[in-house]
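Novice: I'd like to ask you about the structure that follows.
Every number here is computed from the coordinates shown, using simple stated rules; none is lab data. Fair warning: this is a prediction, and the values are worked out from it, not measured in the lab. Neighbour counts are summed over all protein chains in view; Cβ atoms, including those assigned to glycine, are modelled from backbone coordinates with ideal geometry.
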Amino acid sequence: MFLKIRRDTLIILLLAFMLIVSGRLMTYMAFASSTEEADGVPISGIIIKGSDIVPLETIRSNMAGAGFRTGSYIKGDVLVTSRRELPLNEAISMAEEFVTLSTIPGTRVTPIVAADVKVDVKTGIVTVNVIEDFSTVDVRGIRP
């Protein structure tokens, strides 16, 4: 049993097949020629745990100020940002300090008393554990 296919339909099918194959080939070549690993491991995300009151975006912006932002990458024991290169342990200690300076928006209240920053150098994921303690918060200007 033979199927009757017109010549123009066959040509269209062959062109579509060639486009799909060439697209796959170009995608493979682009992936194979990328130098992403030579640059180091990019910072892929920030996970924040333990923050109930302080917004996560405030903590993320302070982490970005310490160098853990989009476009930064880890090369060995060095954090490379768009502005500078600094040792990873120094960047972690700066990030811990910056996170403790996070305030509740619209106030000067800094409820974060401690932060622990861990960086997975294989995946580029930064984990921040935050401890909030309102018993030590100094609130001024409130009149009873």
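Novice: Per DSSP H run of n ≥ 4, the term is -39500 (n - 2.57); total these for the chain, divide by its residue number, and report the mean residue ellipticity at 222 nm rounded to 500 deg cm²/dmol. Numbers along the way, then the final one.
Specialist: Details: 4 runs with 53 residues, N = 144.
Result for the chain: -11500 deg cm²/dmol, rounded to the nearest 500.
Novice: So, R0 is 22 Å and r is the distance between the beta-carbons of T107 and I131; what FRET efficiency does that work out to, to 0.05? Working shown, then result.
Specialist: Values: r = 19 Å, r/R0 = 0.86.
Given R0 = 22 Å and the Cβ-Cβ separation, E is 0.70.
Novice: In addition: What order do you get for R7, R24 when you list them from fewest to most C-beta neighbours inside 10 Å?
Specialist: Details: R7 7, R24 10.
Final ranking by Cβ density, sparse to dense: R7, R24.
Novice: Just grab the label-to-label distance for T9 and R24, each label 7 Å out from Cα along the Cβ direction, in nm (one decimal).
Specialist: Here the modelled spin labels are 2.4 nm apart.
Novice: So what's the convex hull volume per residue for the Cα atoms of region 41-136, in Å³? The partial results should precede the final answer.
Specialist: Values: hull volume 8.2 nm³, N = 96.
Taking the convex hull of the Cα positions in region 41-136, it is 85 Å³ per residue.
Novice: Take every DSSP beta bridge with both residues inside the chain and express the antiparallel ones as a percent of the total, to the nearest 5. If you can, show how the numbers build up before the last one.
Specialist: Numbers: 15 of 20 bridges.
Just about 75 percent of them are antiparallel.
Novice: Under 10 Å, Cα contacts only: if you run a Gaussian network model on the chain, which one of S93, S33, S102 comes out with the highest mean-square fluctuation?
Specialist: S33
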